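Encoded as structure tokens, the structure appears first; notes follow it.
What follows draws every value from the coordinates through simple rules; no lab data is involved. The shown structure was predicted, so the numbers you read here are calculated from the model rather than taken from an experiment. Cβ coordinates were reconstructed from backbone atoms using ideal geometry, including for glycine residues, and neighbour counts include every protein chain displayed.
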Amino acid sequence: MSARGTVAGAAEGPRASREGLRAARPSVDPAEFDVDEHPDQHFRDPTQIAARMEAAVAAVTALHSEIARLNPEPPEWNYLRTSDGAEIDTKLLQLAWDPENKSLLDERIYKVALDLTKPSRAQRIEIWRAHNVAVQARAAVDQAFSKYSAEAKAAKQKLATRNLEKLSSDFTLRELALVDTEAAFMAHINVLKDRAGLGGRTLQKAMAACDQKITPAASTLCGWLASRTLPPAGEKTIRLLVQVVLEHIGDIKDVPEVVAEHLRVWRSLIVERHAAGLVDSPIRLALQRLAELEKNAPPGAGSRMAYRMALADAEQAIRDVLKETRRATDAFTPKMAS
């Protein structure tokens with residue numbers, strides 16, 4: 001016996017049963033399968049889908065049970081080939097009459113199964129009627145899932161958007177954490193501007209649309225962006241500049257908080273520019289004191305003790321200076337700044 005076999009009359013399966021198929025088309029209550037009959041529910045309740053899934057499973061198993069009543073024998077070939085060239089593995093074919101199989105198969109598999117079992121006309125009509133019921137039940141489930149999936153897809157899209165916003169915010173703040181000079185701050189602003197897809201004049205128009213009074217001229221703004229130093233602008237203008245570019249990026253979460261962090265860095269750079277002597281002088285004096293003590297003090301245990309005391313004094317002086325600088329930098333909280 002050949003490992004292959006061609007089912008005689010396999011292509012004739014649907015032709016032989018067409019009249020019966022048309023005559024036996026079941027009349028299905030639209031309220032049972034048509035999801036459009038329930039516009040207010042929209043299948044948000046998973047039990048609605050579960051009920052239709054159970055109906056579809058019952059219809060499929062009923063179809064397979066009808067074919068199983070024909071007592072088909074397993075084919076002797078490894079697989080069958082229909083007249084249109086499709087190969088069907090015999091193990092797959094046997095699922096067509098397995099009552100435990102809850103999956104609806106391709107229609108061609110059922111045609112081959114009927115050609116193998118040679119049912120009567122009445123049996124063909126009953127089997128194709130069961131097939132139609134199973135197909136419609138499966139279509140109702142797919143349609144219900146389509147509506148349900150639309151809502152699930154929207155929820156997933158919203159979740160993905162929130163995740164992207166957080167990633168974008170985290171990236172922006174990580175880049176900002178690397179800013180420690182005025183040139184770096186201006187480079188960071190230019191990076192934000194490019195991420196927002198804004199040119200200098202477009203940015204100026206967007207700022208003017210928010211607050212014309214504190215928006216510089218386009219030429220002035222372009223000059224600021226090309227500079228390596230902080231612009232001679234007030235805090236309100238800097239806040240507006242940063243806010244506009246962040247809003248135009250479009251995927252920054254919590255824009256006000258990110259703006260506030262930019263202003264904190266901007267203030268610290270202003271402090272460093274104008275209060276360099278405040279930071280530098282006490283440290284320099286402490287180091288000079290240590291150097292003089294080390295140079296002039298006589299050797300001995302007492303000298304080493306004095307040196308350690310001077311070192312402790314210098315360390316405390318440095319800590320005090322850094323504390324005052326930090327206090328001056330963070331003097332304006334985001335709430336006060338707004």
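Out of Phe145, Leu176, Ser219, whose Cα points farthest toward the positive end of the dipole of the range 113-226 (charges: +1 Lys, Arg; -1 Asp, Glu; placed on Cβ)?
Phe145
How big is the gap, in Å, between the Cα center of the range 239-257 and the Cα center of the range 103-118?
Cα centroid to Cα centroid, the span is 62 Å.
Give Lys193/Lys213; Lys166/Lys205; Lys205/Lys236; Lys193/Lys236 a once-over and call out the pairs whose C-alpha atoms are over 24 Å from each other.
Those over the limit are Lys166/Lys205.
Suppose the chain between Glu247 and Ala183 were pulled fully straight at 0.36 nm per residue; how much longer would it get relative to their current alpha carbon spacing?
Working: separation 64, 0.36 × 64 = 23.04 nm, distance 2.30 nm.
That works out to 20.7 nm of additional length.
For Ala317 and Ala217, what is the calculated FRET efficiency with R₀ set at 45 Å and r taken between the beta-carbons, to the nearest 0.05? Mind showing how you got there, number by number?
On the way: r = 47 Å, r/R0 = 1.03.
Computed FRET efficiency for Ala317 and Ala217: 0.45.
What full-extension length gain, to one decimal in nm, is calculated for Glu54 and Met305 as 0.36 nm per residue of separation minus the Cα-Cα distance?
Separation in residues times 0.36 nm, less the Cα-Cα distance, equals 81.5 nm.
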